[in-house]
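Read through the structure below, which is laid out as structure tokens, and then see the notes.
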Amino acid sequence: MELPFAESWKIKMVEPIRKSTREEREQWIREAHYNVFQLRSEQVYIDCITDSGTGAMSDRQWAAMMLGDESYAGAKSFFHLKEVIGRLTGFEYVIPTHQGRAAENVLFSHLVKEGDVVPGNSHFDTTKGHIESRKAQALDCTIDEAKDTQLELPFKGNVDPAKLEKALAEHAERVPFIIVTITNNTAGGQPVSMQNLREVRAIADRYGKRVVLDSARFAENAYFIKTREEGYADKSIKEIVAEIFSLADAMTMSAKKDGIVNMGGFIATRHEDWYEGAKRFCIPFEGYLTYGGMNGRDMEALAVGLDENTEFDNLDTRIRQVQYLAARLDEFGIPYQRPAGGHAIFVDASKILTKVPKEEFPAQTLTIELYLEAGIRGCEIGYILADRDPVTRENRFGGLDLLRLCVPRRVYTNNHMDVIAVALKNVFDRREEITRGVRIAWEAELMRHFTVKLERL
Ligand code: F0G
């Protein structure tokens, strides 16, 4: 008999979590204005709000923390991190930042001007925020197929080359760079193929433009290339990673994802002029160049994390857990963005809460119902997150309305996945009875989902 699959690690430290009663949860979510970001973590049993900064570090990473050099200038830990990034990506210049959005802030301060157009595949909300707050436009050129959650495509995060070509033909002078997000978080943690990255490179070269990779989940993207794209099965993850970055000019990185650290990020590039430009903003916004936004110990942990998470076994364990959860949802007929993404399952709320009008935010309603059911915290990636159109101030109902269930790296077991799946099934079974959603009582102008106050209808 063939041996079953099991994790490529064992557990050395545990953190107790606790269940609550439905009455407790009803009170807590009311006090949180029906916004799960306003809950305390003790009020949550299984936390799937994000895979960002929530992973479990390895013993090697914890050991590396002890070697952190906290010198203000010229810290050994910076050069260690820079060496690992250079080895994996080929990028010579590195600027550490406190997290991914800080990398965007520093780099875009140098590159994005009022009236610019930045084409890419479903820019993440902070990326979009950093473009729009500079009075520039984030132009989404993702393939149309990504919007059909039931369509099974191996690389559903891809850029549509025709859309990108059109964007460049129309706006060439106003395009400071192209940004490709790997994996495409907003479209469901869906990967981008190497072939697609090559096409983007060719188009960029034709117009003399540079390509930035928003690389938060680059290792997971490499795993999908290895397991799904022809010609890559026998390549190592590190070989694939090197090829990915050979097709780009720079990266912004949220190290809280595929770096498996709790905090950190960086910019890396092969171009001295971009490095020189970004440097000027790193110092006032983040910190001196050899620490930016990070502690020496965190840079050490990140250096190890990047190395570990570009090994196949670690990624295989992770992605298979997400796929395990997906298989349980399949058993119950619960619709989600297919195929399962790298870091999360994106449940298609608009196909479940069909009686809740879009103006009452079905995915947010499903998020609340799942929390009430079992204390499981997902988050809405839908109409609330989409913010209002900066010009018309209308809600943007054009995209998908999803409940994202993130799986933190190396944190939960498949028993937890079973609890999530059954809790969601229980909500799914009474979906016809859920006819009303929420209304917005208060919202911020930008990135409203973090602080929005809602009322239950
Ligand atoms: N880019 C992508 C693709 C992201 O998913 C994120 C963060 C960022 C950039 C910003 O990085 O949080 O370190 O500042 N995504 C988290 C999430 C917050 O839950 O998806 P950050």
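The values are calculated or read from the model by the stated rules, or taken from the named source; none is laboratory data. Just so you know, these numbers come straight off a predicted model, no measurement behind them. In this analysis, Cβ positions are derived from the backbone assuming ideal geometry, glycine residues included, and neighbour counts consider all displayed protein chains. Remember, those area values only see protein heavy atoms, side chains included, never the ligands or the DNA or RNA. Shrake-Rupley method; radii C 1.70, N 1.55, O 1.52, S 1.80 Å.
At 1.4 Å probe size, with every protein chain present, just tell me what the per residue accessible area of the chain comes to in Å².
Result: 41 Å² per residue.
Listed values for the stretch 137-147 are Karplus-derived 3J(HN,Hα) couplings in whole Hz (6.51 cos²θ - 1.76 cosθ + 1.60, θ = phi - 60°), namely 10, 8, 9, 7, 10, 5, 4, 4, 4, 4, 7, and x replaces Gly and Pro. Two numbers describe the Cα atoms of the stretch 59-308: Rg and Dmax, which are 17.4, 53 Å. Taking θ as phi - 60° and the Karplus parameters 6.51, -1.76 and 1.60, the scalar couplings of the stretch 65-79 work out to 4, 5, 8, x, 9, 9, 4, 4, 10, x, 4, 3, 4, 4, 5 Hz in sequence order, x denoting glycine and proline.
Annotation: Asp148 carries an accessible surface of approximately 70 Å², with a 1.4 Å probe and no ligand, DNA or RNA atoms counted. Counting only the Cα atoms, the chain fills a convex hull of 145 Å³ per residue. The simple spin-label model puts a point 7 Å past each Cα toward its Cβ; for Lys10 and Thr317 those points are separated by 1.2 nm. Residues whose amide H comes within less than 5 Å of that of Val117, counting only those at least five positions distant or on another chain, are Gln137, Val175 (H built at 1.01 Å from N in the peptide plane). Within the stretch 91-189, the GluC sites (Glu not before Pro) that combine a DSSP coil assignment with at most 16 other C-beta atoms in a 10 angstrom radius are Glu92, Glu114, Glu152.
Ordering of 386-396, 443-453 by packing is 443-453, 386-396, highest average first (other Cβ atoms within 10 Å, averaged per residue). Using the Cβ of Cys48 as centre and a radius below 11 Å, the other residues enclosed give a net charge of 0, where K and R count +1 and D and E count -1.
Work out the length of the dipole vector of the stretch 363-457 about its Cα centre, built from +1 on the beta-carbon of each Lys and Arg and -1 on the beta-carbon of each Asp and Glu, and round it to the nearest 20 debye.
Details: 15 positive and 14 negative charges, 48 e Å.
I would put it at about 220 debye.
Let's test the formula: R0 of 22 Å, r as the Cβ-Cβ distance of Tyr288 and Ala63. What FRET efficiency results, to the nearest 0.05? Between Tyr288 and Ala63 the formula returns 0.25. Under the combined filter of DSSP loop state and at most 16 neighbouring Cβ atoms within 10 Å, the stretch 1-69 retains these trypsin sites (Lys or Arg not before Pro): Lys10, Lys12, Arg18, Lys19, Arg40.
To put it simply, the accessible area of the stretch 64-204 at a 1.4 Å probe is 55 percent carbon and sulfur. Proximity of backbone amide H atoms, modeled 1.01 Å from N, is registered between Ala216 and Ile182, Ser254 at under 5 Å, excluding neighbours fewer than 5 places apart on the same chain.
Of the GluC sites (Glu not before Pro) found in the stretch 1-75, those in coil by DSSP whose Cβ has at most 16 other Cβ atoms within 10 Å are Glu2, Glu7, Glu70. Residue by residue, the stretch 275-283 carries 3J(HN,Hα) couplings of 4, 4, x, 5, 3, 5, 9, 5, 4 Hz when phi is fed to the Karplus relation 6.51 cos²θ - 1.76 cosθ + 1.60 (θ = phi - 60°); x denotes Gly or Pro.
Give me the percent of accessible area attributable to carbon and sulfur for the stretch 375-444, probe 1.4 angstrom. Carbon and sulfur together cover 49 percent of it. Site pair Asn426 and Lys351 shows an inter-label distance of 2.4 nm when each label is modelled 7 Å from Cα along Cα→Cβ.
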